[in-house]
Structure formats: structure tokens, C-alpha cells
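What follows draws every value from the coordinates through simple rules; no lab data is involved. Values in this document were obtained by computation on a predicted structure and should not be read as measured data. With ideal geometry, Cβ positions are generated from the backbone for all residues, glycine too; neighbour counts draw on all protein chains shown.
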Amino acid sequence: MPLFTAPVVTPEEPPVIPPPVDVPGVGYASITYIDPTGKRWPMTDLAADWYTLADGVSGLGAAPYVLTSDPHPRGGARLRHVQPQPRTIVWPILVKGADHMVFTENWRALGEAFTRTLRLGPGGVRVPGVLEVARPNGTIRRIEVYYSSGWDGLGRAATGITWDSAVLTLWCEDPYWVDAVPVTVHRETGTQVDYLVPYPSVSSSQVLGETTVTNPGGVDVWPTWVITGPATEITFTREDTSDSFTLTMADTPHGDLLAGETVIISTAPARVRSGTGENLTGGLDWPGAVLWSLPPGETPVVFQLSGAAAGSAVDLVFYPRYETA
């Protein structure tokens, strides 16, 4: 019969971060901006030539929402729909330098680090920057940001020589903060047994497991699934809602998934790709397929792979999401 491994959390390599400072509206934290090239810019290192000003930071709390309601015949209204909105973060920064040219270089470089989020990158895609908030206990939350406005300077006497400040407006298409460490749930089939050795027995051709997946965040997450063959059909079910989706490999250009081959299923946006980049989305059981999310807390789920053998595995991966930094 199949053997299953336990859920595990796979940590990433922790980044080097400066000591925490008291940030209004956040508390003690170390904040870093990561530009689209991956360069890290410390925002709370008071010994650096740029740092966040204490007054004026806003937009780090709960996400904004638009509520849709219907009038109630007995008065008042009834809430019908809740729609999260993009977040706007206001971020004041002081920039300085030992002399005018050092200040100018710092001002230009940091401004470009933010405005680069509006430029088309490789493949004609805009790459956002990332605002990262690290707490003294080692936990890290991140949010993707795009420059909106504000890199202008004060325009006052004595500014623009060896120092100046800007009040940035950063736009976030996803209003939620995301954990830097992913949660990974792994399931793998055991070694199949010979029917006649040492006595007549039956091995399952399916990796079939009921389990409970815990989302430690405060917001729904849309997981990514990585399936390792062999497998002929893949079904994942969320038991509390009965939502499910099935990928039939025979209905894709790839055919059956062989030993060591992989399929990656993304739930938001809906996308299915083989390990070599083939588009397998047509193999889903449309129109009934529901690529479901995981709400906060515990969710009962079922993993099932038909045609499984030794080495067949399923990995569910997601990054917990939160309302606040």
C-alpha cells in the first residue's frame, strides 16, 4: 500500500538584515526594499545614506475593501459582496551624502530603484519591487510594490546639496502581505509489492491520501501543485466544499506522466505546465474543474494519482498571506 510522508515546512535561506528599529504603525522591525534587479536597499539603517523617516509612513495596516450591499425591505441593508482593493503605501525617505556628488549618486540610484518597477523587463513584463518587513523573532512578511509618485524632493533652500527627502506613493496590486517562508506538504507513494511474494497481496496503483492542510495566515491562499510521475490521472479535492479538479494526462499533448517527469498546476492564475513548459491546461475537466483556494485554518483535502508507482509524489506549496505587516 502507499506510504505517506508528513507535511513539512521548507525554510528559505534567511537574508542579512539590519537591527530592528521602532517604525510608527509597525513596531520594532527591519525594513528593506528589494528592487526589480534583486538588489536590497535597507530602509531602517540609520547609519546608511538613506533611511525611512518616522513621520508620515502609512498604508501598512489592513487591506482596503469595497462593500456591495442590497437594501433590506425592513430597513438597512444586507452585505452581498466584499472586494479587496489595491493598497497604497506612503513612504517618506531621507537621502544624504558626504558631499554633493555622493548625495547626487545616492539620490539618482535610489530613485531609479523605485521607478524601475514601471519599466518593461525581460519578456516585456514589468517586475515589481518588494517591501520586506522583518521582525526581531525572525519572521518576514513581504508585499510587491510599484512606484506611483513622489520622487521629487522638498524643493526648499539648502536641500538638494548634501541631503533631501521624498515622500513616495507605492501602489500594490495585491493588498496582502506574504510570508517569506513557503509551506510545503509532501506526499509520496511507497514501494509496490509483488503480488505473489511472499504471499498473495495487492498494491494500490494510486497515491491516495486524506489529510488536513493548515494555512497559518489570515487570508485565503491559492496553492501551487507539483506532481512527479508516474501518473495517468491527477485529482485533488477540498472535502469541506467538495470542490475538485482532475487532470487527465491522456487528454494533453504530453500523454501519461512517466517516472521522474513533473507537472506544475497553478491555481491563480489557472495554469498547467509540464516540466518542459508544455501547456497542459486543456487536460483539466472543464467546465466542472474548480482550482480551489485554502482558507485560514485547517482544511481537509484528498490527493489522488491514478497509475502511480514508486517515486510518484505530490507537493502542495503556498505562501501564507496576511492583512498587516
If contacts are Cα pairs under 8 angstrom and at least 6 residues apart, what is the relative contact order of segment 21-179 in percent? 26
Which order do peptides 223-232, 115-124, 140-149 fall in by mean Cβ count within 10 Å, highest first? 223-232, 140-149, 115-124
Could you work out which residue, out of Arg80, Arg238, Arg156, moves most in a Gaussian network model of the chain, that is, has the largest mean-square fluctuation with Cα springs under 10 Å? Arg80
Among (1) 194; (2) 182; (3) 213, which one is volume of the Cα convex hull per residue in Å³ computed from these coordinates? (1)
Projecting the Cα atoms of Val125, Thr214, Trp91 onto the charge dipole of the chain, where Lys and Arg contribute +1 and Asp and Glu -1 at Cβ, the residue farthest towards the positive end is Trp91
So if I place +1 on the C-beta of Lys and Arg and -1 on the C-beta of Asp and Glu, and nothing else carries charge, what would the dipole magnitude of the chain be about its Cα centre? I want it in debye, nearest 20. 820
Fewest-first sequence of Val66, Val302, Val57 by Cβ atoms within 10 Å of each Cβ: Val66, Val302, Val57
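Helix-only estimate, please: 222 nm mean residue ellipticity of the chain, summing -39500 (n - 2.57) across DSSP H runs of length 4 or more and dividing by its residues, to the nearest 500. Show your work: numbers first, answer last.
Working: 1 runs with 16 residues, N = 325.
The helix contribution divided over the chain gives -1500 deg cm²/dmol.
Taking 0.36 nm per intervening residue step and subtracting the Cα-Cα distance, what contour gain separates Ala47 from Val125 on full extension? Intermediate values should be presented prior to the final figure.
Working: separation 78, 0.36 × 78 = 28.08 nm, distance 3.51 nm.
Roughly 24.6 nm would be gained on extension.
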Step through the residues of segment 81-98 one at a time and calculate ³J(HN,Hα) from phi using the Karplus curve (6.51 cos²θ - 1.76 cosθ + 1.60, θ = phi - 60°), rounding each to whole Hz and writing x for Gly and Pro. 8, 10, 10, x, 10, x, 9, 10, 10, 9, 9, x, 10, 9, 10, 9, x, 5
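Explain nothing, just the number: relative contact order of the chain, from Cα pairs under 8 Å at least 6 residues apart, as a whole percent.
Values: 784 pairs, mean separation 65.6, N = 325.
Result for the chain is 20 percent.
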